[in-house]
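The values are calculated or read from the model by the stated rules, or taken from the named source; none is laboratory data. Bear in mind the structure is a predicted one, so any value in this text is a computation, not a measurement. Every residue, glycine as well, gets a Cβ built from its backbone with ideal geometry; the counts of neighbours run over all protein chains shown.
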């Protein structure tokens with residue numbers, strides 16, 4: 001074993017809940033709640049339905065100690081199948097949290113894996129659950145930095161967030177150090193090193209590969225428990241990536257996640273924010289718009305340009321998202337699915353939007369997601385947003401109340417206000433010393449009432 005692995009093992013297996021800063025614990029509870037809102041909101045969407053049905057068909061278990069119900073569905077499958085289904089479902093409503101330096105997402109696998117593990121591990125306290133969540137975030141985020149720094153292609157989050165699942169599961173299952181090391185190696189080797197820019201060019205239900213990341217992470221843990229070998233994981237133990245692990249336990253990435261105000265690819269958020277600010281400041285409606293010029297970073301400029309004909313394309317379309325914001329003053333599930341995809345007014349405004357890459361915005365990616373917007377109104381006047389960084393991250397955070405309100409907005413339509421409020425209160429209540437993870441999970445598995 002290397003010194004870096006020993007450091008990670010000490011952090012993962014020996015960190016106590018009282019060693020977690022209060023601010024980190026609060027952030028973990030809030031990110032848990034935010035992710036659950038997107039999991040719930042995405043439940044009726046086609047991708048989630050397919051993922052759950054597929055898990056029921058293919059990913060069952062013959063052993064109750066490895067069986068978990070799928071979230072907000074209730075059917076029993078394997079723990080890996082449960083995590084796969086919920087992560088795939090969540091991944092297909094692009095409103096879950098992320099971490100700027102990794103160019104990707106962590107909660108999308110950590111929360112589904114936690115819900116699956118909670119079915120087979122008893123008596124987990126609330127503070128212990130939040131500690132395990134934090135460990136998953138801290139390991140996954142650094143694995144992402146390591147991968148991006150050591151390979152030439154830009155891979156999806158599933159390629160590295162699987163290691164966060166391993167860390168969280170190893171903690172909750174009290175794995176030995178050698179078993180955890182093997183599980184890291186298995187998960188890294190089999191993690192879906194899928195090409196993110198391919199999905200950007202042609203958006204589908206593949207999204208960010210996180211469904212497979214969740215399944216690979218839990219599968220790796222089960223394999224390692226039975227003696228399967230796979231170590232070392234080079235994103236953890238290779239000399240050229242050691243610098244990414246030096247601040248483990250000192251700098252808490254958990255506190256630096258961004259929360260999305262819109263269920264749209266984060267790369268489009270600065271443009272949406274810029275247009276939103278102009279519309280609000282000048283009291284405009286869509287009838288005032290003659291032309292919109294969006295200047296942003298390279299990856300944002302590569303987002304889907306055509307009129308989307310499905311939800312996947314709508315979530316990766318910058319001009320469609322900006323047009324929806326201009327027309328409706330908000331972007332919710334109804335704007336990116338069903339009749340919203342054929343909204344004639346949105347499509348008309350979209351035709352007046354141009355997008356270009358600007359070098360000063362590109363050089364600030366991935367630390368920031370910047371854009372500037374110029375709106376020409378019908379009288380010929382040009383209104384400018386100035387350089388805008390996407391809100392929701394540490395530099396321009398959503399307030400705690402805003403994050404809670406977002407959860408209720410996404411959860412209530414499917415579950416009703418009473419059950420949504422119970423989940424809200426239980427998730428935020430995990431910070432209390434006397435709380436139990438079961439206070440929350442008792443609300444997570446039953447299918448919504450018809």
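Assorted remarks:
- Selection from the range 367-380 of residues that are out of contact with any helix residue (DSSP H, G or I) (no Cβ under 7 Å at 6 or more places or on another chain) and either assigned to a strand (DSSP E or B) or under 9 Å from residue 271 (Cα atoms) (or both): 374, 376
- Selection status of residue 127, assigned to a helix (DSSP H, G or I), out of contact with any strand residue (DSSP E or B) (no Cβ under 9 Å at 6 or more places or on another chain) and surrounded by fewer than 24 Cβ atoms within 10 Å (Cβ to Cβ): yes
- Filter pass, residue 273 being outside the structural domain of residue 8 (by TED's automatic domain parsing) and either at pLDDT 95 or above or surrounded by fewer than 19 Cβ atoms within 10 Å (Cβ to Cβ) (or both): yes
- Count of the range 1-48 residues which are in a loop (DSSP other than H, G, I, E, B) and either within 17 Å of residue 415 (Cα to Cα) or free of Cβ contacts under 8 Å to residues at least 40 places away in the same chain (or both): 4
- Unmet requirement for residue 292, which otherwise passes all of (1) closer than 21 Å to residue 405 by Cα; (2) buried (at least 23 other Cβ atoms within 10 Å of the Cβ); (3) more than 23 Å from the chain's Cα centre (by Cα): (1)
- Any hit, the range 141-151, residues being under 11 Å from residue 257 (Cβ atoms), part of a helix (DSSP H, G or I) and touching a helix residue (DSSP H, G or I) at 6+ places or on another chain (Cβ under 9 Å): yes
- Residue match in the range 399-420 (condition: on the phi < 0 side of the Ramachandran plot, in a loop (DSSP other than H, G, I, E, B) and not assigned by TED's automatic domain parsing to the domain that holds residue 275): yes
- Residue list for the range 177-215, restricted to those being outside any loop (DSSP other than H, G, I, E, B) and at pLDDT below 95: 195, 196, 197, 198, 199, 200, 201
- Filtered residues of the range 249-295 (kept if touching a strand residue (DSSP E or B) at 6+ places or on another chain (Cβ under 6 Å) and part of a loop (DSSP other than H, G, I, E, B)): 257
- Qualifying position, being over 27 Å from residue 176 (Cα atoms), touching a residue at least 24 places away in the same chain (Cβ under 8 Å), outside the structural domain of residue 312 (by TED's automatic domain parsing) and surrounded by 24 or more Cβ atoms within 10 Å (Cβ to Cβ), among 68, 51, 87: 51
- If you go through the range 348-359 and keep only what is surrounded by fewer than 18 Cβ atoms within 10 Å (Cβ to Cβ) and either touching a helix residue (DSSP H, G or I) at 6+ places or on another chain (Cβ under 6 Å) or within 13 Å of residue 313 (Cβ to Cβ) (or both), you end up with just 357.
- Residues satisfying the stated conditions in the range 296-337, i.e. surrounded by fewer than 22 Cβ atoms within 10 Å (Cβ to Cβ), outside any helix (DSSP H, G or I) and in contact with a strand residue (DSSP E or B) (Cβ under 8 Å, 6 or more places away or on another chain): 305
- Residue check, residue 383 in a loop (DSSP other than H, G, I, E, B), farther than 25 Å from residue 315 by Cα and in contact (Cβ under 8 Å) with a residue 40 or more places away in the chain: no
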